[in-house]
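Below you'll find the structure, written out as structure tokens, and then a few comments.
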Amino acid sequence: MDIREIKNVVDNLHKRHPAFCGAKEQVTYELLSAFEDLCSLAVMSNMLNPLALRKITDHMDALNQALYWVEKSDLPTATVQIAADISEERYNQ
């Protein structure tokens, strides 16, 4: 399997993931909220491990890919206000 085939498998696999269901705006908000929390945790853990801030780059790469998938998806756009409270189940997704 070459790299392009692997990329296609990964790009298609996310479409069935529950984190990518809902309106584009809501999914984007949830991704950004999770990213914010991950960055806060990395900053707090930096006190115990100075190398912990390097994880923010990994989180940024993952966020960038997830936002790309959302933008390219056929998710509907929201016509209602974005819900600011995220359920624990949705947050874990």
Given unit charges at Cβ for Lys, Arg (+) and Asp, Glu (-), the dipole magnitude of the stretch 24-92 about its Cα centre in debye, nearest 20, is 240 debye
For Asp74, placing the label point 7 angstrom along Cα-to-beta-carbon and taking the stretch 24-39, residues whose amide nitrogen sits under 20 Å are 24-28
Log10 I(q)/I(0) at q = 0.17, 0.23, 0.24 Å⁻¹ for the stretch 24-92, from Debye over equal alpha-carbon scatterers, is -0.69, -1.03, -1.07
Once the dipole of the chain is set up from charges on Cβ (+1 Lys and Arg, -1 Asp and Glu), the residue from the list Ala19, Tyr68, Asn92 lying farthest towards its positive end is Tyr68
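Read-outs: derived from the displayed coordinates by stated rules, not from any lab. Quantities reported herein were computed from a predicted structural model and do not represent experimental measurements. Please note: Cβ atoms are built from the backbone with ideal geometry, for glycine as well, and neighbour counts cover all protein chains shown.
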